[in-house]
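Participant: Take this structure, written in structure tokens, and hold onto it; I'll ask about it next.
The values are calculated or read from the model by the stated rules, or taken from the named source; none is laboratory data. A quick note: this is a predicted structure, and the numbers were derived from the prediction, not measured. Neighbour counts are summed over all protein chains in view; Cβ atoms, including those assigned to glycine, are modelled from backbone coordinates with ideal geometry. For the accessible areas, the whole protein counts, side chains as well, though only heavy atoms, and no ligand, DNA or RNA atoms are used. Shrake-Rupley method; radii C 1.70, N 1.55, O 1.52, S 1.80 Å.
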Amino acid sequence: INAEYMGIFRVISNNHYFWMKGAFCLRVLRSYSVYSKTRSYTTEAPPPPPPPENEKESESSTQDDIVVIKKKLEESLEECKSLKNKLAYALADIDNVRKISRKDVTNAREFALKNFGKDLLEVSDCLEKAVTIMPQEVKEKTHQFHSLYSGIEMTSSILNKVMNKHGLTKMDIKVNETVFDPNFHDALFQQPVSDPKAAGIVCSLLKPGWLLHERVLRAAEVGVTTDDSSSAPGSDSSSSN
């Protein structure tokens, strides 16, 4: 009896051992499945976005956007080019205005003595005339009025130097050599000559001309030669008729 009970107990013990071992394994498998599910849920990537319903519509909208962007880019480039041209013109205008203003200031500074210089010319003419009309004996040092002549001559020379210092210069005119120029000379009379080559020459200087910084301040008053050979035969024929 004891042996039988021992055999039954051994079978029951073995079954109970396997049953406990199976329950433990089942419990471990359940824990691992729950852990793997939670891990896969937390680490897997987000699902991709769903594809567009109509791929052709998306491509056409993209192309339209590209066309609009290109058009805006071309408009921006044209506007930039136009602004650059306007800036260049504006800078050129400013430079021209600056040059004109500088020239006006220079002219105003140089020609501020124009009216005053014209008045001085009359004084210079009177002094030169007084020197030229002096008799030859007065110019000699032994003459009693030589000191008067020397004072007038010195005054005229100093005045000419001061005028030259401020840009007033006398025209260099040589009688019977200088060619008549209407820009610098005023012809008060004409003197006929038979030689055509001698026509158009200054034959007499009545009043000298003056320049103010290379501009005519007063034209020289002169007499001019004219060709008389062409008018002579006509006058003879008219007189015979």
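For every residue, the table says whether it meets (1) open to solvent by 70 Å² or more (accessible area, probe 1.4 Å); (2) at pLDDT below 90; (3) closer than 26 Å to residue 120 by Cα; (4) in contact with a helix residue (DSSP H, G or I) (Cβ under 9 Å, 6 or more places away or on another chain).
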site	(1), (2), (3), (4)
186	yes, no, yes, no
204	no, no, yes, no
216	no, no, yes, no
221	no, no, yes, no
236	yes, yes, no, no
240	yes, yes, no, no
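Participant: Within the group 127, 26, 113, which residue is modelled with pLDDT of 90 or more and either over 30 Å from residue 219 (Cα atoms) or open to solvent by less than 100 Å² (accessible area, probe 1.4 Å) (or both)?
Facilitator: Answer to the selection: 127.
Participant: List pairs: first residue in the range 140-169 and farther than 19 Å from residue 216 by Cβ and modelled with pLDDT under 85, second residue of a type in the set (Asp, Glu) and not in a loop (DSSP other than H, G, I, E, B) anywhere in the structure, Cβ distance under 7 angstrom, at least six positions apart or on different chains.
Facilitator: 143/137
Participant: Related question: Of everything in the range 130-148 that's open to solvent by 100 Å² or more (accessible area, probe 1.4 Å) and of a type in the set (A, V, I, L, M, F, W, C), which residue is farthest from the chain's Cα centre (by Cα)?
Facilitator: The residue in question is 145.
Participant: When residue 121 is evaluated against the numbered criteria (1) open to solvent by less than 90 Å² (accessible area, probe 1.4 Å); (2) out of contact with any Lys or Arg (no Cβ under 7 Å at 6 or more places or on another chain); (3) aliphatic (A, V, I, L, M); (4) under 24 Å from residue 204 (Cβ atoms), which criterion, by number, is the only one it fails?
Facilitator: (2)
Participant: If I filter the range 179-192 for residues that are assigned to a helix (DSSP H, G or I), in contact (Cβ under 8 Å) with a residue 24 or more places away in the chain and polar (S, T, N, Q), do I get at least one hit? Write out each step before concluding.
Facilitator: Of all residues in the range 179-192, those assigned to a helix (DSSP H, G or I) come to none.
No: the range 179-192 contains no residue that is assigned to a helix (DSSP H, G or I), in contact (Cβ under 8 Å) with a residue 24 or more places away in the chain and polar (S, T, N, Q).
Participant: A follow-up question, please. Could you please give the count of residues in the range 115-148 that are in a helix (DSSP H, G or I) and closer than 18 Å to residue 160 by Cβ?
Facilitator: Counting residues in the range 115-148 that are in a helix (DSSP H, G or I) and closer than 18 Å to residue 160 by Cβ gives 17.
Participant: Let me ask you something else. Kindly establish whether residue 228 is at pLDDT below 90 and open to solvent by 50 Å² or more (accessible area, probe 1.4 Å).
Facilitator: Details: at pLDDT below 90: yes; open to solvent by 50 Å² or more (accessible area, probe 1.4 Å): yes.
Yes: the conditions hold for residue 228.
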